[in-house]
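Below you'll find the structure, written out as structure tokens, and then a few comments.
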Amino acid sequence: MEEETVRTVEEHLSAVLALADPLPPVTATVHPDPATVLAADVVARYPVPPFDNSAMDGFAVRSDDVGSAPCVLAVVGDVPAGTASTQTLQPGQAIRIMTGSPLPAGADAVVPVEHTDQLPGDQPLPAQVEVRAAVPAGRHVRRRGEDIEVGAKVLAAGDPATPAAAAAAASIGHAQWQVRPRPRVLVVATGAELVAPGDPIGPGQIPDSNGLLLSGLVTQFGGEVAAVLRVGDEPQEFIEALATAGSVDLALTTGGVSAGAFEVVRQVTSGSVEFVKVAMQPGKPQGLGHWGMAGRRVPLLALPGNPVSVFVSAWLFARPLIAHLAGRPAQLATRQLPALDGWRTPPGRRQYVPVAITPDGVRPAHALGSGSHAIASLHLADGLAVVPADVDEVHAGDVLEVIDTNA
């Protein structure tokens, strides 16, 4: 029997990312979606602010008229927000103005209402106003374009489409922008032993947790779940599931990748998908390649079937690939934290242990550590502690790299 390739995690990740290029850009209505990134720069069509306007509720004045305050000025008009004055301010005059309203012609400063004899709020327009504090030219005035001038690059390709980015694009005159779309991902959980959550289980059967786990992670990773399917170990059933899934950008499968007699993913896709061993625990058996779906050659990641192996494999390989397809950085967020407890590690394989993060450090989320079947305690984990392959035992106080699984 031919010996399977054994890869490092880095070698396998490199092969995973080489499966596809980032998705082509699409034109979309400007809206916040931090899981997507811009595919083109966004340049200002309007200046910000678009006109000289008041930074305060108060009275627009000529600074020369109020240099010797207190003084009394005739009030000749009102400028509520959303309107503009048609008057030109003359010496000895003032115009009541609201925050954000255009500065009237002839005015060069604003006196806040608190520095006058007038009451704030919804008050009748007075015939005159006593100004009790001098203001220099430009005081409480926002100048046209002082934030952004027309033609300035406000957002760059690769920037995330955050709420602030969407607001910035709208403020400079854009209703649409170019973005990389969220990848559409098919999730297929395989195994004759799987039954729908909540259904009675018979001998040898277990509830299907992988479909929920992986589809939820796809959403957390910024992908769009196209469908979640569950199939048994019959090759034709698996082939039909892939054939009817429609147009997707990535297919993720769980189970059927080991060396057993009923490994449906391996049986069907062998030749198109490469099956390898990765020097990691859990998640040693992995598969990657392409499969023809809806007339396209779609990247396919074949993950192991044990739920914690699915979780770890999804974080190490599916998340970076989804980010790569979406044009986002593929790196995982990590930090260095001390271990609060010690544990043994498997020889020659890098270990990924679900851990609870505390203010003092990390400890395994379950006594079984990285046991690949311990799904019912996985929700207690905030991260994955990474133990190098050459470490036989972790001691309390050892500093470990920790992948933040809440990111």
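Determine if the range 180-194 includes at least one residue that is surrounded by fewer than 16 Cβ atoms within 10 Å (Cβ to Cβ) and outside any helix (DSSP H, G or I).
Checked against the condition, which is being surrounded by fewer than 16 Cβ atoms within 10 Å (Cβ to Cβ) and outside any helix (DSSP H, G or I), the range 180-194 yields at least one hit.
State all residues of the range 80-91 that are surrounded by 13 or more Cβ atoms within 10 Å (Cβ to Cβ) and modelled with pLDDT of 95 or more; if no residue qualifies, say none.
The answer is Leu89, and nothing else.
Step by step: first the residues of the range 47-84, then only those that are charged (D, E, K, R) and not in a strand (DSSP E or B), then the one that is nearest to Arg132 (Cα to Cα). Which residue is that?
The residue in question is Asp65.
Looking for whichever is within 25 Å of Pro329 (Cα to Cα) and surrounded by fewer than 16 Cβ atoms within 10 Å (Cβ to Cβ) here; the options are Ala161, Ala167, Ala133. Which one fits?
Criteria check complete, one pass: Ala167.
Among (1) part of a strand (DSSP E or B); (2) in contact (Cβ under 8 Å) with a residue 24 or more places away in the chain, which single condition is Ala389 missing?
Going through the list (1) part of a strand (DSSP E or B); (2) in contact (Cβ under 8 Å) with a residue 24 or more places away in the chain, Ala389 breaks only (1).
For the range 221-246, what are the residues that are at pLDDT below 95, crowded, with 18+ Cβ neighbours inside 10 Å and under 23 Å from Arg180 (Cβ atoms)?
Listed by number, the list holds a single entry, Ala245.
Mind checking which residues of the range 240-269 are of a type in the set (D, E, K, R) and under 19 Å from Leu288 (Cβ atoms)?
Across the range 240-269, the qualifying residues are Asp249, Glu263, Arg266.
Tell me, which residue of the range 209-233 that is among the charged types (D, E, K, R) and either outside the structural domain of Leu288 (by TED's automatic domain parsing) or touching a helix residue (DSSP H, G or I) at 6+ places or on another chain (Cβ under 7 Å) (or both) is farthest from Gln331 (Cα to Cα)?
Asp233
Select from the range 254-272 the residues that are in contact (Cβ under 8 Å) with a residue 60 or more places away in the chain and of a type in the set (Ser, Thr, Tyr) and list them in ascending order.
Residue satisfying the conditions is Thr254 alone.
Just checking, does the range 113-126 include any residue being small (Gly, Ala, Ser), free of Cβ contacts under 8 Å to residues at least 12 places away in the same chain and outside any strand (DSSP E or B)?
Yes: the range 113-126 contains one or more residues that are small (Gly, Ala, Ser), free of Cβ contacts under 8 Å to residues at least 12 places away in the same chain and outside any strand (DSSP E or B).
Exactly one of these conditions fails for Ala69: (1) at pLDDT 95 or above; (2) over 24 Å from His290 (Cβ atoms); (3) surrounded by 15 or more Cβ atoms within 10 Å (Cβ to Cβ). Give me its number.
Looking at each condition in turn, Ala69 falls short on (1).
Do the conditions hold for Val75, that is, is it outside the structural domain of Gln220 (by TED's automatic domain parsing), more than 30 Å from His140 (Cα to Cα) and not acidic (Asp, Glu)?
Answer is no for this residue.
Determine if the range 5-17 includes at least one residue that is hydroxyl-bearing (Ser, Thr, Tyr), closer than 30 Å to Ser272 by Cα, at pLDDT below 95 and not in a strand (DSSP E or B).
Yes, the range 5-17 has at least one match.
Can you tell me which of Ala157, Ala165 is in a helix (DSSP H, G or I) and either over 30 Å from Ala94 (Cβ atoms) or more than 17 Å from the chain's Cα centre (by Cα) (or both)?
Exactly one of Ala157, Ala165 is in a helix (DSSP H, G or I) and either over 30 Å from Ala94 (Cβ atoms) or more than 17 Å from the chain's Cα centre (by Cα) (or both), namely Ala165.
The values are calculated or read from the model by the stated rules, or taken from the named source; none is laboratory data. Treat the numbers as computed from the prediction; the structure is a model and nothing was measured. For neighbour counting, all protein chains shown are included, and Cβ atoms are generated from backbone atoms with ideal geometry for every residue, glycine included.
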